1. Enumerate by residue number the GluC sites (Glu not before Pro) in the range A:282-379 meeting two conditions: DSSP loop (anything except H, G, I, E, B), and at most 11 other Cβ atoms within 10 Å of the site's Cβ.
2. Taking the square root of 5 times each eigenvalue of the Cα gyration tensor, what semi-axes in Å does the equivalent ellipsoid of the range B:35-87 have, largest first?
3. How big a patch of accessible area, both sides summed and in Å² to the nearest 100, lies buried between A and B at a 1.4 Å probe?
4. Going by the alpha-carbon gyration tensor, a ≥ b ≥ c the square roots of its eigenvalues, is the range B:290-438 rounded (a/c under 1.5) or, if a/c is not under 1.5, prolate (a/b greater than b/c) versus oblate?
5. Just to be sure I follow the definition: excluding the sites themselves, where is the longest run in chain A that has none of the trypsin sites (Lys or Arg not before Pro) in a DSSP loop with at most 13 other Cβ atoms within 10 Å?
6. I'd like the carbon and sulfur percentage of the solvent accessible area for the range B:2-262, probe radius 1.4 Å, heavy atoms only, ligands and nucleic acids excluded.
7. Find the Cα radius of gyration of the range B:259-313, compare it with 2.2 N^0.38 Å by division, and give the number to two decimals.
8. Leaving ligands, DNA and RNA out of it, work out the accessible area of A:Ile128 with a 1.4 Å probe and give it in Å² to the nearest 10.
Amino acid sequence: MPVVNEGGNKTSGMKALILVGGYGTRLRPLTLSRPKPLVEFANKPMLMHQVEALVEAGVTTVILAVSYRAQQMEEELSKEAKKLGVNLIYSCEREPLGTAGPLALAKEHLVGSNENEDEPFFVLNSDIICDFPFKEMMAFHKKHAGEGTICVTKVEEPSKYGVVVYDSDTGRVREFIEKPREFVSNRINAGMYVLSPKILNRIPLRPTSIEKEVFPGVAADGALFAIELPPGGFWMDVGQPKDFLTGMCMYLGHLRQKEPSKLYSGAGVIGNVLVHPSAKIGEDCRIGPNVTLGPEVVVENGVRISRCTILRGARVRSHSWLEGSIVGWGSSVGQWVRLEGAAVLGEDVIVGDELYINGGQVLPHKNISSSVPEPTIIM
Amino acid sequence: MLKAVILIGGPQKGTRFRPLSLDIPKPLFPVAGLPLIQHHIEACCSVPNLKEIILLGYFPASKLSQFVTEMTQEYKINIRYLQEYTSLGTAGGLFHFRDQIRSGNPELFFVLNGDVCADFPLTEMLESHRARVQAAQSNEQADGSTRPSPLITILATEATPQQSMNYGCIVEDRETFEVKHYVEKPSTFVSPLINCGVYICSLGIFQTIASIFDKKQEEYYNYGGNEGNNGKESIRFEQDLLMPLAGTGKAFAFPTTNWWSQLKTAGSAIYANRHYLELFRKKRPDRLHPTGRGDANTPRIIGDVHVHPTATVHPTAVLGPNVSIGKGAVVGPGVRIRESILLAGAHVSDHSLVLYSVLGSGSTVGAWARVEGTPCDPNPDKPFAKMENAPLFNSDGRLNPSITILGCSVTVPSEVILLNSIVLPYKELTRSFKNEIIL
């Protein structure tokens, strides 16, 4: 079993497993250049948002369940991990093991040494961005002493998620239904769990779904409990471009509440805007609301940007208009371009002057010289 | 002495030119900064000894009086508007006002359709027609009879076989250029040579029209009306006059390779604008804005651009190629305009982009907006291809992508896109539109 151990063998403190998983196809073309956990969300690799919050809650070992490109992740994350003093372990699947299989694979790391073999651990889906309530989850878990705690959140359209029906007083889960066709509840699985090692006995080392094959059984035994995200908080699965942008809006709004000094307040900026100190903004621009400009980004004069993420080293030339889109690393958007409709430009894409790009994905290193008025994939 | 008659039609005509013809008569729609028929007037004024230009149509005189006054002053020539009491057909109107045209006994007179655009070769047509008239007079036949004197020479150009069927088709004698056969909009291919709607006529043509008129009157009174034609006086130039003249030895073609196009749909305005600007480059470079790289005081100009002296263009704007900016129009900072016409008082705000569009008089476009149409130019890879005057809707009932048109006083808000759409006058848009007609 290929397991890489990072930064010594500290096994005290809590543990967490992050289900990093596969190719991140929903976030292509960005994930063609970088593994999804390294894609910067609000100028920080997506994974680091979770790792930092885990460390904050007292986690000292994070196991990353990965199935590809472990090496690139290691190279980029080891420095960050050292800075945080966290032990990163890469647990690589040879074949996709679903959402539960990786726990069986990493069993030895999760159970740990003898003196604390009953110590519960965190499990997270890697696409989740929220104000992580890890401390509350752990405290709740220890109080009810069941096998698992699921964090749930309220959503408007529950049918595309795993819906949780639970007793509002005790939190005991009565039913766990993955993607129900009829309305049963508006509380859904938020993709964050605290699990006791005991639950590992239910998980075989083969492709297994934690939502469909493990949780229903735990719930039937009365050993699964739910805790709701605190009201007023935010939660988003940012695994696809539209949700990535929605999540960014929520996150910047959250920053406004918690750390407003991190937001940019220069000239020509409206609302919540995050600008890396090395980014440059020209004259006569209107940036925001809800924009993230990465390191070394250049925005020329007379540009209008709202609800966008512009990644490292990209350039937006003068008089262009960008809304609800993601511009990949080192890309260049020409003059008088209109970019909208959740368009995603991969790495090093060049969009010619005066073009209209409405949605769709542009694969890395493309040179676009005619308008794309309807969403398509540009190979 | 020569005269010219420009046939300008009336308010019921030019409906395919809507919404641009809703507030301005189509003959006065500015192309390359000049009212459409001013290009005709200018071509006529370049013909030596042409003394009078008659505008013939059935618009209310009030719609044209100011234009006539301005033209008279500008070109120092006698220009008159003769108003038909009703649509008399293209030849019927000429016949109705025959005395006005004949007065002063002109040697010949031109007839120009108002809805064509061209590099009109009028002087060449004149020389060709004149030579033929003289040859016919001097050249008495051996048996003592004379060749018939030519009555009309028709400007003709070549079209693709497919497109020729949308026009009047001419079969000519390859050597003498005599019109052997004429048919209007045939359903099968007849000849690639098409009628450009520009003629030079001898006064004798009125006798031919008179006999057609008499025959129509007779039919009307004897058989109680005629089929299809509106009224007993209506005579169509093409069907009623040219068709019978073909094969009589009195009608000739003058083929040209000069640029020529009809201006039927609003979409063709952009194409006509481009070609008239190109003609300016050759003939009247003073009407084009000097090309510039753009500095602190002058905007960057690419290719052929006409800017009215009263228009304001910000030095950071970039214009061209093929842009006409009308009277009092305002182009804001960082604006980009290409292949478009801005009519009087149109206003485009900061950082906006205008492509293949016509912005009606007094229309306004907010900041960071994109107003874009789709060109419908003739296929450049097909020799002799003409402008396709495509219908508004295709066979699936969907709007054909065309240039974008803002009617007069339309407002487009900031940060929206208006793509391949037609907006009727006085509409205040509040959002983006694509491929729509906005009533």
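1. Values: sites: A:Glu283, A:Glu296, A:Glu300, A:Glu323, A:Glu340, A:Glu347, A:Glu354; in loops: A:Glu283, A:Glu296, A:Glu300, A:Glu347, A:Glu354.
Those satisfying the criteria are A:Glu283.
2. Numbers: eigenvalues 79, 28, 18 Å².
They are 20, 12, 10 Å, listed largest first.
3. Details: alone 16560 and 19260 Å², together 34360 Å².
Roughly 1500 Å².
4. Details: a/c = 2.10, a/b = 1.28, b/c = 1.64.
Note, shape of the range B:290-438 comes out oblate.
5. Values: sites that count: A:Lys10, A:Arg94, A:Arg181.
In chain A, the maximal stretch lacking such sites is A:182-379.
6. Numbers: 5370 of 11240 Å².
Ligands and nucleic acids excluded, carbon and sulfur reach 48 percent.
7. Numbers: Rg = 13.1 Å, N = 55, 2.2 N^0.38 = 10.1 Å.
The reported ratio for this selection is 1.30.
8. Using a 1.4 Å probe on the heavy atoms, I get roughly 0 Å².
The values are calculated or read from the model by the stated rules, or taken from the named source; none is laboratory data. Being a predicted model, the structure only gives us computed values, none of them experimental. Note that each Cβ is placed from the backbone with ideal geometry, even for glycine, and that neighbours are counted across all protein chains shown. Side chains included, ligands, DNA and RNA excluded: accessible areas come from the protein's heavy atoms. Shrake-Rupley method; radii C 1.70, N 1.55, O 1.52, S 1.80 Å.
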